[in-house]
1. In the set 106, 96, 135, which member is closer than 29 Å to residue 161 by Cβ and either assigned by TED's automatic domain parsing to the domain that holds residue 74 or at pLDDT 85 or above (or both)?
2. Which one of the conditions (1) more than 30 Å from residue 173 (Cα to Cα); (2) hydroxyl-bearing (Ser, Thr, Tyr); (3) at pLDDT below 75; (4) assigned to a helix (DSSP H, G or I) does residue 115 fail to meet, given that it meets all the rest?
3. Filter segment 179-207 for residues that are hydrophobic (A, V, I, L, M, F, W, C) and modelled with pLDDT under 90 and give the result.
4. Checking residue 241 against (1) surrounded by fewer than 16 Cβ atoms within 10 Å (Cβ to Cβ); (2) modelled with pLDDT of 95 or more; (3) part of a helix (DSSP H, G or I), which single condition isn't satisfied?
5. Just for strands (runs of 3 or more DSSP E) wholly inside segment 118-206: which have at least 1 residues that are of a type in the set (A, V, I, L, M, F, W, C) and within 14 Å of the chain's Cα centre (by Cα)?
6. Criterion first (loosely packed, with under 13 Cβ neighbours inside 10 Å and within 21 Å of residue 264 (Cα to Cα)) does residue 188 satisfy it?
Amino acid sequence: MTFDIALFQNAFVSWGTDHGVSIVAIVVITFVAQWVLGAVLARVIRRLVPAKHFRSKDAEKKREDTLIRITRGTLGTLIWVVAFLMVLSEAGLDIGPLLAAAGVAGLAIGFGGQYLIRDTVAGLFIILENQYRVGDVVCLDDTCGLVEDVSIRMATLRDLDGTVHHVSHGTVNKVSNLSKEFARVNLNVGVAYDSDLEKVISVVNAVGEDLSADPAWKDDIIKPVKFERVDDFADSSIIVKVLGDTMPLRQWAVAGEYRKRLKIAFDKAGIEIPFPQRVIHTKG
């Protein structure tokens, strides 16, 4: 039996004319549909999300970006599944038995997929309740970091070391959002027992006011850092509680700048920040 290359070429050209063009068209249309749908979804979601429910434009944008990512990912997957089935059908494969087998397999997987269902249901509540968004800094139980992505099943966090953590929604018992609506500088400052507390309070508040008036920092500060109370009598110092409100994610930078300025101000005012000391008495 000899191989007839001319017959093969004719059959290939005939198949390409009848089916190949359609398959290419399906793939191209799928790419275009995914791109158009993504653009339309972005505009629709940005119009539908009510701005009055958010303290700032940044909070509104985070919510919108999170919804856009999740919706695009879910609908994009559905579009490509449909396109794949259409390509198989166009290629001459009977997808009826394939769909039936997928239904049986899906039923079997469903019995062992309670964790997937749990993660998906938990993810839906996280999205609906707006617990956190892309761009927030959160702690999911003991795992903390910047939210880089949120899907219907899990969240992707990157910590300060650059490590990426993938956390399934269903495994989380406690969500702590460090950047929602506003943040807070919360410092304990120790001063010597012989310090003049009124002077300490005056310097603490003056440093906070100066920082909030600085053009480089004023947009980050909602309420100036100021004296709150005497928090404790420690072994070597009086602990002063200092609080102030900042824009989300700016609490660490503001706290660092405040500490620097407070140390300089304490040195100028002669206020000592003590360190643990031990006095030893010896018999002569």
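1. Selected residue: 135, the only one of 106, 96, 135 that is closer than 29 Å to residue 161 by Cβ and either assigned by TED's automatic domain parsing to the domain that holds residue 74 or at pLDDT 85 or above (or both).
2. The number of the failed condition is (1).
3. Hit for segment 179-207 is 182, nothing else.
4. All conditions pass for residue 241, except number (3).
5. Result: 137-140, 143-150, 154-158, 164-168, 175-177.
6. Details: loosely packed, with under 13 Cβ neighbours inside 10 Å: yes; within 21 Å of residue 264 (Cα to Cα): yes.
Answer is yes for this residue.
The values are calculated or read from the model by the stated rules, or taken from the named source; none is laboratory data. None of the values given here were measured: they were computed from a predicted structure. Neighbour counts are summed over all protein chains in view; Cβ atoms, including those assigned to glycine, are modelled from backbone coordinates with ideal geometry.
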